[in-house]
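Working notes, structure below.
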Amino acid sequence: MPWTHEGSRSAGTVHLGGDVEEMAAAEQDVAAGRMPERPFVLIGQQYLADATRSAGDIHPLYAYAHVPAGFTGDATEAITARIEQYAPGFRDRILATYVRSTTELSRHNDNYVGGDIVTGANDPWQLVFRPRLALDPYATGVPGVYLCSAATPPGAGAHGMCGYNAAQHALARLQGPPSKIDRRRITAAGQRLAPPWPLRRGL
């Protein structure tokens, strides 16, 4: 990716929002049901951590924008223009695209009501007690089965942390009751699970 910001070239996730005023204006448009001209865009560069996703110099890029709930339009051009703003020449490198609308997202996953990948409210209460009030929000009640989606703490805005936290809980259960847990072994196992690349970069 031809990012002008050098650190973004090695980031697993890049957030494109502009300055505070620009982000606020875009989010106000979304809340009012309008598609912003310059939406807040998130980009996943997973190929940086998993080279098998690439074919030589061809790399997949995952991107989405904040759009109004139930948005039925196509945000591809707005997303492309936003990325081009911070990575000049990006548009000329596109070989193919695959697009899913908010409607298609909700059909694909019943939890994405109206295309909402945050899977519900992301208010302060839900950041701590999602998806329900529980001592272990990652436990499903089925031994060995854990929930690690955006519906669990700390929510969808902290990429990778829901899964990381669920893995920590699973490791703790595998090691036995809390009184018998060797914290050093769990910490070491957790560090092996932690991604080796920067999780977030904001522009």
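In whole Hz and in residue order, list the ³J(HN,Hα) couplings for the range 104-116 that follow from phi through the Karplus curve 6.51 cos²θ - 1.76 cosθ + 1.60, θ = phi - 60°; x for Gly and Pro.
5, 4, 5, 6, 6, 9, 4, 6, 8, 4, x, x, 7
Using θ = phi - 60° and the Karplus form 6.51 cos²θ - 1.76 cosθ + 1.60, what ³J(HN,Hα) does each residue of the range 89-103 get, whole Hz, x for Gly and Pro?
Going residue by residue, I get x, 4, 4, 6, 8, 6, 9, 7, 9, 10, 10, 10, 7, 4, 5 Hz, with x marking Gly and Pro.
Residue-wise, which Karplus ³J(HN,Hα) couplings in Hz belong to the range 75-86, taking 6.51 cos²θ - 1.76 cosθ + 1.60, θ = phi - 60°, and x for glycine or proline?
8, 4, 5, 5, 5, 4, 5, 5, 5, 4, 4, 9
How about the range 69-132: which trypsin sites (Lys or Arg not before Pro) there are in a DSSP loop, with at most 10 other Cβ atoms within 10 Å of their Cβ?
Counting only loop positions with at most 10 other Cβ atoms within 10 Å, the trypsin sites (Lys or Arg not before Pro) in the range 69-132 are Arg132.
Express in Å², to the nearest 10, the accessible area of Asp57 obtained by rolling a 1.4 Å probe over the protein heavy atoms while all chains stay in place.
That residue has around 140 Å² of solvent-accessible surface.
Taking amide H positions as placed 1.01 Å from N in the peptide plane, with prolines and chain starts having none, which residues 5 or more places from Leu147, or on another chain, fall under 5 Å of its amide H?
Correct list: Ala139, Thr140.
Give the calculated FRET efficiency between Asn122 and Asp57 to the nearest 0.05, with a Förster radius of 45 Å applied to their Cβ-Cβ distance.
Using R0 = 45 Å, I get an efficiency of 0.75.
Just to verify a number: FRET efficiency for Ala24 and Val142, C-beta to C-beta distance, R0 = 41 Å, to 0.05?
Values: r = 42 Å, r/R0 = 1.03.
Efficiency for this residue pair is about 0.45.
Taking the range 25-104, which chymotrypsin sites (Phe, Trp or Tyr not before Pro) meet the DSSP loop condition and have no more than 15 other C-beta atoms within 10 Å?
Sites meeting the loop and neighbour criteria: Tyr98.
Taking the simple approach of a point 7 Å from Cα along Cα-to-Cβ for both Leu135 and Ala49, what is their distance in nm?
Once both label points are built, they end up 3.1 nm from each other.
The values are calculated or read from the model by the stated rules, or taken from the named source; none is laboratory data. What you see is a predicted model, and the numbers here were worked out from it, not measured in a lab. Don't worry about glycine lacking a Cβ; one is built from the backbone with ideal geometry, like all the others, and counts go over all protein chains shown. Quick note on the areas: whole protein, heavy atoms, side chains included, nothing else; ligands and nucleic acids left out. Shrake-Rupley method; radii C 1.70, N 1.55, O 1.52, S 1.80 Å.
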